[in-house]
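K.L.:
Quick one: this structure, given as structure tokens, is what I'll be asking you about.
What follows draws every value from the coordinates through simple rules; no lab data is involved. Quantities reported herein were computed from a predicted structural model and do not represent experimental measurements. Here the Cβ positions follow ideal geometry from the backbone for every residue, glycine too, while neighbour counts run over all protein chains shown.
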Amino acid sequence: MLTKEQNDRLTKVGPGTPMGELMRRYWQPIAAYAELSENPTKAIRLLGEDLVLFKDRSGTLGLLEASCAHRRVHLLYGIPEDNGLRCPYHGWLYDSSGQCLEMPAEAPESTFPSRVQLKAYPVEELGGLVFAYLGPKPVPLVPRWGPFVREGVRDIGWAIVGCNWLQVQENSLDPMHGEFLHRYFSNYVLERQGFLKDRGTLAHGRDYVVAEDADKIEGGWRDPAKIAHHTKVGFTIFEHGILKHRLIQGEDEATSPSWRIGHPILIPNYEHGGGGGGFQIRVPMDDTHTYYIWYNVRDAVDHEDAHQAPEDIPVYRTPMPGVDENGIPIWELFDNNSGQDHMAWQSQGPVTQRFLEKLGQSDVGVIMFRRLLNEQMDIVEDGGDPMNVFRDPAKNQEIILHFDGEEGGAANNEDVYGYGGSRSTKVSTGSAGKYSPIGRERARLAGSPIPPTPRPFARDIPTNSPG
Ligand code: FES
Ligand SMILES: [Fe+2]
């Protein structure tokens, strides 16, 4: 159990806080580049700061504080010009360094513009994502993790989760929840929807499978002892974060990639392995909101272009679970792993009250991750570079995760973590991959069944803590 102070240290991300300073050592993804083609400005909340991202008419990206220096109009409504962004109210023009260039209502000879500067942060595009750096100089390199640079077909999903980033990230260090949340509760959700017979499962397969013995599922699912359990879990610290190793009943140590290779969780806020070899990234917007990204990269199949331009990488929004206008859970949003996870995180409250937790031995991965984060915050406080800050271009050509002699880990291994093989033409009904436009288009062309898209947005689910 943590004290309240220890919980604050891990969760508060504003300027000057220990976690806020750690997070400011990293380039954080803030948008899909393709979004800016349709809308050249985007309001950004990042690490407690309100900002506006823009692409001007020459293609230059900029990230400025949100309010115009003159009389505080929000620059989301700004007009992109050839050399910057112009405030809609009185026309002050700012370049991507935040320098004011023009004040149309002032005298032409006025030197006032040269003395006005908005706060501005560096931004860079990589792999179709726009990254921002809010930390001190010298600015490190944008890490060229394998999934961002390897050949493949990409799409980018996103959602805003109404809670602190850490309870989201801790989920990745907690394999045990899969047994219950993604099986027992999942079967309950399917029962509510009338789909239990088709999609229920007792196994801890990595996806919902059509039940081979539907009667067994129907008659037996309400017995937690029948769920396939983890027989072994292990966590090891490696140079980029923590490797999670897991073995499920019926799996074999020698052949199970999830035991042998492990599942990498990168410091501070990446999980590797979603969508056939991409990332799930949990970016702190502020203390109580998280920008959630599914970065999917798959091997190309026949009709696909493995060299998409950044503006051609499709972006989609994933619905969040919640309740309808009568306060009833919208079960169709809970029938997949991500929907179930999001329900759990949001219902832990805006910031999990870790000083009230009762942790068991099965929480060892969560405890290890908190310790590792604390060590990284100490390093920053001592003036050093924490894990995964890269400054040497020679070491940043392509950062390949290399485990146990397996080049590339999940990225190059079909179906290693079971999120649907990277060449799969089926849409997994039990994962958020079912919302991915690339996956759905593949399935359409292959004649595979495509799950319906549910009602897109729900009200926030009620939370268990007051504010
Ligand atoms: S408020 Fe922006 S120019 Fe006046
Ligand atoms: Fe989960």
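K.L.:
Mind checking the full-extension length gain between A306 and D252? Use 0.36 nm per residue of separation minus the Cα-Cα distance, one decimal, nm. The partial results should precede the final answer.
P.N.:
Details: separation 54, 0.36 × 54 = 19.44 nm, distance 3.45 nm.
Full-extension gain reported as 16.0 nm.
K.L.:
Can I ask one more? 7 Å from Cα along Cα→Cβ at both E381 and Q361: what's the point-to-point distance in nm?
P.N.:
So the two model labels end up 3.2 nm from each other.
K.L.:
Name every cysteine in the chain that ends up alone, with no second cysteine's Cβ under 4.7 Å, or say none.
P.N.:
Singleton cysteines: C100, C163.
K.L.:
Return a whole-number percent for the relative contact order of the chain, with Cα pairs under 8 Å and 6 or more residues apart as the contact set.
P.N.:
Once normalised by length, the contact order is 19 percent.
K.L.:
Separate question: For the chain, give me the percentage of DSSP beta bridges that are antiparallel, rounded to the nearest 5 percent.
P.N.:
Antiparallel bridges make up about 95 percent of those DSSP assigns within the chain.
K.L.:
Below 8 Å, C-alpha to C-alpha, sequence gap of six or more: please give me the relative contact order for region 34-126 in percent.
P.N.:
Relative CO of region 34-126 lands at 22 percent.
K.L.:
Let me ask something additional. Take the alpha carbon atoms of region 116-132, find their center, do the same for region 37-108, and report the distance between the two centers in whole angstrom.
P.N.:
13
K.L.:
For the pairs K358/K434; K197/K426; K244/K426; K55/K119, flag any whose C-alpha to C-alpha distance is greater than 23 Å.
P.N.:
Violating the 23 Å limit, Cα to Cα: K358/K434; K244/K426.
K.L.:
For region 219-260 and region 277-318, write down the distance between their C-alpha centroids in whole Å.
P.N.:
Result: 27 Å between the Cα centres.
K.L.:
Test of understanding: what is the full-extension gain from S448 to N83, defined as 0.36 nm times their sequence separation minus their Cα-Cα distance?
P.N.:
126.6 nm
K.L.:
Taking 20 °C and 1.002 mPa s as the conditions, I'd like the Stokes-Einstein D for region 1-55 in µm²/s, using the Kirkwood hydrodynamic radius from alpha carbon pairs.
P.N.:
Result for D is 165 µm²/s.
K.L.:
What 222 nm value per residue comes from the helices of the chain, counting each DSSP H run with n ≥ 4 as -39,500 (n - 2.57) and dividing by all residues, nearest 500 deg cm²/dmol?
P.N.:
Per the formula, -5000 deg cm²/dmol.
K.L.:
Over the Cα atoms of the chain, what Rg and Dmax result, in angstrom?
P.N.:
That works out to 23.1, 84 Å for Rg and Dmax.
K.L.:
Further question on the same structure: Just going by the charge dipole of region 34-126, with Lys and Arg at +1 and Asp and Glu at -1 on Cβ, which of G91, G59, V73 is farthest out on the positive end?
P.N.:
Final value for the positive-end residue is V73.
K.L.:
Another question about this same structure. List, largest first, the extents of the alpha carbons of region 1-135 along their principal axes, each in whole Å.
P.N.:
62, 32, 20
K.L.:
Which order do the peptides 428-435, 186-193 take when ranked by the mean count of other beta-carbon atoms within 10 Å per residue, highest first?
P.N.:
Taking the mean over residues of other Cβ atoms within 10 Å, the ranking is 428-435, 186-193.
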